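Shown next, in structure tokens, is the structure this report addresses.
The values are calculated or read from the model by the stated rules, or taken from the named source; none is laboratory data. The model shown is predicted, which means the values in this text are computed figures rather than measured ones. Positions of Cβ are backbone-derived with ideal geometry, glycine not excepted, and every protein chain shown enters the neighbour counts. Calculation scope for accessible area: heavy atoms of the full protein, side chains included, ligands and nucleic acids excluded. Shrake-Rupley method; radii C 1.70, N 1.55, O 1.52, S 1.80 Å.
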Amino acid sequence: MVAVRPLVFLKLSLTSIDLLAILRELKSILISTRIENVYNLDDWGFIFRIHGPSGNLDLLLELGRRLNITTFKYPLPPSPSPHAMNIRRLISNAIIKSIEQVDLDRIACVTVEKSGRVLNVYLELLGEGNIIITDESGKILYALHQKTMRDRSIRTGVIYRPPPARGESVYNDPKIDKIRSEKVNIVRSLTKYYNLPPEFVEECLARSSIDPNLPSSEISEPLLNTFLTTARSTIEEIKNSPLKPHIVVKDQKKLSVQPVEFFSLPFERVPFDSFNAAVDEYFAPLVSAREGERQRHPKEQEIAALEDVLTRQKASIKELEERKQRGREIGEMIISNLDRVQKLIDHVVDMRKKGVDWEEIKRTAPMKILKIDKSKGLLTTIINGSEVVLDFKCSATENANRYFSSSKEASKKLKGLVSAIEETEKKIQDLREGLLGVSQPIVLKSMKKEWYERFRWTFSSQGFLIIGGKDATQNEILVKKYMEPNDIFAHSDVPGGSVVIVKSKGEDVPNETKEEAVAFAVVYSRAWRAGLGAADGYWVRAEQVTKTPPAGEYLGKGAFMIYGERNYVRNIPLTIFLGVKITEGAFKIIVGSEHFVKNVCQSYVRLVPGDLSGSALVKKIKQLLVQRSDSSLSQLINAIPEGEILAHLPPGGSMPN
């Protein structure tokens, strides 16, 4: 009978077994790709931008938690951190040669080569997480967190050593007496002995029909051998068999993510095409929740501090009200007994002048004296049944006036304190309202990218694909690899622009599509940066374009020879439309003609050359997109990272309208 896990806890980080599955997939994706750039995500992670045959991929390292390919677009900081710069210096443009797991631990080793130099990049998920880069000999060149521990040192200049094994390998013969000696259940004992994830131990016990609550002292050799056989076969399954990645859901809540079916988790399973995709989908909401908590925390701290102030203020109110009332009452009591009080004061003063001791003064006083403070000149007596402190250096009238003054002073302070309390309560209310406005940050996924989305792209009004190069290298690739017979080549008449290709699909390309392709080329040329209102461009057929220069001449990268007549389109207005398409939490930025963009996007703007750029430009674009979209899309549009919009804009400033 399969043993079901009695308690299920939310998975907060990848286990060593999960990492085994992740790295298996990454090997098939990332070997021979190039690390294009590295970005820090505040203080919680790093994005390694990887360039491969089918475009860019983002490898996300969430420190201490996970490593996976992500399609979510996490906001990047406006400028890289010093750590990101140091990592870039070492591995930008490096080629990934191998990816391995270190000793079935939560450590990945990515071996890269840059300019003939071999480097090892260790991505540790242990503890707070770490990134360590070594040379081929193992000497540490960089470490995100430098520290000296009991069993190893992670500092630049020393040889990198992984942490010592904290348990036995499941492939070694076990020492059953050591397992039995633990005074815990079998799950905890096996987890400690083999340094395996508890959930993996529980799963292997479930597959072996062994009760997870069995005391470790009762484990037999046959049971232990059964467990080991299952553990080994499950590891081999994850290494070599087809994975069955899924997210585990119980009561509509995501509880875990697994690379294969876990019989110990007999709940709803949401399948995914890859374990990387499942991990990406599972952890993204956890990141959003933590970021939401981080944004709320300062406000919650400020509210707590103000509530402490309010408590003290209200306590002071009570004290001042008592002081106000008591001062007035005692002042009135002294006035109503003015002669008696004055006789008491005169008695004390006269007797002291005669040298009579204090006890005799108390005994012979016309009113009862409870105590005398000789150093301060105060006495305590009884008036109308209440204890009253009098200053015998002053007259009875002066004592009454002092109490009346104290009451008035308390009354004045009360008015100020009431105002202060109202102000504190308003601050607390404002902060609480602000807290309600701190929603959990939304992190959007980018929609699945088609092959042509590595280039600039759009579709014509007639449905023909139009693609353009982002730089000289892409211009070269477009012409050499993707331009086919019957395709159309378009270019701005202004030098230094984007090469644009219309994919003909073997059909005749309509004139309207040709003109739209030329307009696309003109927009992504130097004419936009120059702020021109209109510019010229031309189109030719694919067979008119060649990389072969005339004899004695040389063509640089991205430059081509055009033979035959060029078909010019004059005075093309420099304008382009940018829109956003959002479906099921995934987005895509789309540019092109108004006809195309309007038909596929929920909201769009028109752009012309202008003075706005960078963050100010993106902010204005988002404002217009939000204004022109359904209110349900507002948060989603505002969650689109700035860089995703900037990447689609023409070079230079723009003005959206």
With +1 at each Lys and Arg Cβ and -1 at each Asp and Glu Cβ, the charge dipole magnitude of segment 180-301 around its Cα centre, to the nearest 20 debye, comes out at 320 debye
Answer in debye to the nearest 20: the dipole magnitude of the chain about its Cα centre, from +1 Lys/Arg and -1 Asp/Glu charges placed on Cβ, is 1760 debye
Sorted list, accessible surface of protein heavy atoms, 1.4 Å probe, largest first, for S233, S375, S593 is S375, S233, S593
With S92 itself left out, Lys, Arg at +1 and Asp, Glu at -1 over residues whose Cβ is under 14 Å from its Cβ give +4
Expressed in square angstrom to the nearest 10, the accessible area of S81 with a 1.4 Å probe stands at 30 Å²
Residue separation between S233 and S613 times 0.36 nm, minus their alpha-carbon distance, gives in nm 131.1 nm
With the convex hull built on the alpha-carbon atoms of segment 419-542, volume per residue in Å³ sits at 197 Å³
If each part is reduced to its alpha-carbon centroid, segment 198-262 and segment 47-108 end up apart, in Å, by 30 Å
Mean Cβ-within-10 Å packing, highest first, puts peptides 297-310, 39-52 in the order 39-52, 297-310
Computed over the chain: longest principal axis from alpha-carbon atoms vs helix 614-627 long axis, angle to nearest 10 degrees, is 90 degrees
Convex hull around the C-alpha positions of segment 94-200: the volume in Å³ per residue is 132 Å³
Carbon and sulfur atoms account, in whole percent of the 1.4 Å probe accessible area of segment 162-212, for 46 percent
For V356 and V249, extending 7 Å from Cα along the Cα-Cβ vector and measuring point to point gives, in nm, a value of 9.5 nm
A chain fully extended from S375 to K557 at 0.36 nm per residue, minus the present Cα-Cα distance, gains in nm 55.6 nm
The summed charge of the K480 Cβ neighbourhood (under 12 Å; Lys/Arg +1, Asp/Glu -1) stands at +1
Taking the square root of 5λ for each eigenvalue of the C-alpha gyration tensor of segment 18-141, the equivalent ellipsoid has semi-axes, largest first and in whole angstrom, of 18, 17, 16
Expressed in nanometres to one decimal, the distance between label points 7 Å along Cα→Cβ at R117 and Y568 is 5.2 nm
For the chain, longest principal axis from Cα atoms; helix 338-353 axis from its Cα atoms; angle between them, nearest 10 degrees, is 80 degrees
With every protein chain in place, the accessible area of Y74 for a 1.4 Å probe, in Å² rounded to the nearest 10, comes to 10 Å²
Per residue, accessible area of the chain with a 1.4 Å probe, heavy atoms of protein chains only, in Å², comes to 50 Å²
For 351-359, 320-328, ranked highest to lowest by mean beta-carbon neighbours within 10 Å, the order is 320-328, 351-359
Neighbours of T397 by Cβ distance under 15 Å: Lys/Arg at +1, Asp/Glu at -1, summed charge -1
In this structure, among K343/K393; K324/K393; K514/K622; K97/K139; K318/K393; K73/K588, pairs with alpha-carbon gaps over 22 Å are K324/K393; K514/K622; K318/K393
Checked against the structure, the computed Rg and Dmax of the Cα atoms in Å among (i) 24.7, 85; (ii) 34.3, 135; (iii) 39.2, 134 is the one labelled (iii)
Computed from the beta carbon distance with a Förster radius of 56 Å, FRET efficiency for R166 and N638 to the nearest 0.05 stands at 0.80
Using a 1.4 Å probe on heavy atoms of the protein chains only, the accessible area for D211 in Å², nearest 10, reads 80 Å²
Diffusion coefficient in µm²/s returned for segment 516-567 by Stokes-Einstein, Kirkwood Rh over C-alpha pairs, 25 °C and 0.890 mPa s, is 191 µm²/s
Rounded to a whole %, the carbon-and-sulfur portion of the accessible area of segment 73-126 at a 1.4 Å probe is 53 percent
With a 1.4 angstrom probe the carbon and sulfur portion of accessible area for segment 326-365, in percent, totals 47 percent
When the charge dipole of the chain is computed with +1 on Lys and Arg Cβ and -1 on Asp and Glu Cβ about the Cα centre, the Cα farthest towards its positive end, among T473, F404, L310, belongs to F404
Taking Cα atoms, the helix 511-523 axis meets the longest principal axis of the chain at an angle in degrees (rounded to 10) of 50 degrees
